[in-house]
Amino acid sequence: MADKIVILTGAGISAESGLGTFRDEGGLWAKHRIQDVATPEGFAHDPALVHGFYNARRAQAAEATPNPAHEALARLQRDWPGEVVIVTQNVDGLHEKAGAEVIHMHGALDSALCHACGHRWPAPPEMVVGEPCPACGAGAGRPDVVWFGEMPYHMDRIEEHLLTCDLFAAVGTSGKVYPAAGFVEEATFAGARTVELNLSDSDVSRIFQEHRVGPASRIVPEWVA
Ligand code: BV8
């Protein structure tokens with residue numbers, strides 16, 4: 001393995017844990033319009049619809065278990081202390097259930113955010129319209145996830161890791177959503193080796209030096225071994 005590894009994960013790593021991806025056949029965006037459920041405007045327009053969308057995903061994620069791909073990345077992080085950074089676009093919490101530490105660039109289903117005062121607290125299983133903030137009392141609770149048009153979290157930390165890593169890997173992401181989709185270019189520019197692990201080609205496959213094709217639960221443990 002290399003000295004410092006940055007691994008970006010997307011919905012594909014959780015597909016075999018039973019959680020739907022976004023853009024595969026029958027995926028989340030086939031059932032909901034992004035603008036209705038994953039934008040601030042959608043939340044302002046119909047908060048009940050958006051809470052319903054995230055409450056359903058929160059319930060599904062709570063029941064889901066990590067698969068061998070999550071476990072292999074957690075093992076890699078344990079075996080190489082301080083040298084493996086996992087950045088996830090996922091909000092499902094499965095990396096943590098497998099024992100890994102991750103940077104949640106798009107937030108997490110188990111966190112709630114007050115859009116009046118910015119306070120964060122553990123999300124209840126079901127959030128409701130006018131969810132009261134335990135800090136300021138305003139009925140301004142929302143899912144603590146990054147919607148389209150909102151700035152992803154921890155970008156300074158992530159950029160720092162991309163500029164100093166020796167190896168960049170992307171697991172189970174379509175390369176369609178920025179800024180995450182641009183990470184491989186930044187790592188390449190910084191001189192890192194790059195590998196993509198996916199079931200099929202992504203929008204940025206052409207930029208990666210190496211490709212491993214197959215289901216994450218098989219190819220990630222093989223790659224880590
Ligand atoms: C921002 C969180 C700026 C909540 C999500 C530049 C160019 C073009 C557009 C833009 C740009 N910059 C910004 C934009 C706009 C936009 C964007 O990128 N739009 C796209 C659609 C063109 N980006 C944004 O708005 C971002 N914000 O840039 O802010 C800014 C600057 C200053 C100040 C303010 C703002 C925010 C984007 C985050 C949106 N939130 N989710 C939630 O989860 O509901 S996005 C959502 O889709 C996911 O979080 C994920 O990040 C994203 C991509 O999904 P994937 O994870 O890749 O999943 P997908 O289904 O697409 O693909 C699955 C993959 O897995 C496939 O490749 C498949 O082959 C593979 N797979 C399937 N099964 C398996 C498998 N692989 C292995 N094994 C298997 N078994």
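Computed values, structure above
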{"item": "Verdict on Leu28 being within 14 Å of the ligand (Cβ to nearest atom) and under 21 Å from Pro215 (Cα atoms)", "result": "yes"}
{"item": "Residues being of a type in the set (D, E, K, R) and out of contact with any strand residue (DSSP E or B) (no Cβ under 7 Å at 6 or more places or on another chain) - total across the stretch 172-220", "result": "7"}
{"item": "The stretch 160-186 residues that are under 21 Å from Glu150 (Cα atoms) and open to solvent by 10 Å² or more (accessible area, probe 1.4 Å), paired with ones that are modelled with pLDDT under 95 and part of a loop (DSSP other than H, G, I, E, B) (beta carbon under 9 Å, 6 or more apart)", "result": "Ser174/Thr21; Ser174/Phe22; Ser174/Arg23; Ser174/Asp24; Lys176/Phe22; Lys176/Arg23; Val177/Phe22"}
{"item": "Residues that are more than 16 Å from the ligand (Cβ to nearest atom), open to solvent by 20 Å² or more (accessible area, probe 1.4 Å) and farther than 17 Å from Ala64 by Cα, drawn from the stretch 96-121", "result": "Glu101, Ala116, Cys117, His119, Trp121"}
{"item": "Candidate set: the stretch 156-196, residues that are aromatic (Phe, Trp, Tyr) and closer than 17 Å to Val102 by Cβ; chosen: the one farthest from the chain's Cα centre (by Cα)", "result": "Phe168"}
{"item": "Residue count, the stretch 158-194 (criterion: more than 16 Å from His211 (Cβ to Cβ), of a type outside the set (Phe, Trp, Tyr) and away from the ligand (no atom under 16 Å from the Cβ))", "result": "8"}
{"item": "Residue that is nearest to the chain's Cα centre (by Cα) [pool: residues in the stretch 31-57 that are small (Gly, Ala, Ser) and more than 10 Å from the ligand (Cβ to nearest atom)]", "result": "Ala56"}
{"item": "Condition check for Gly93: within 15 Å of the ligand (Cβ to nearest atom), open to solvent by less than 20 Å² (accessible area, probe 1.4 Å) and modelled with pLDDT under 95", "result": "no"}
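The values are calculated or read from the model by the stated rules, or taken from the named source; none is laboratory data. Owing to the predicted nature of the structure, the values given are computational and were not obtained by experimental measurement. Because the Cβ atoms are built from the backbone with ideal geometry, glycine has one as well, and the counts that use them run over all protein chains shown. What goes into the accessible areas is simple: the full protein's heavy atoms, side chains included, and nothing from ligands, DNA or RNA. Shrake-Rupley method; radii C 1.70, N 1.55, O 1.52, S 1.80 Å.
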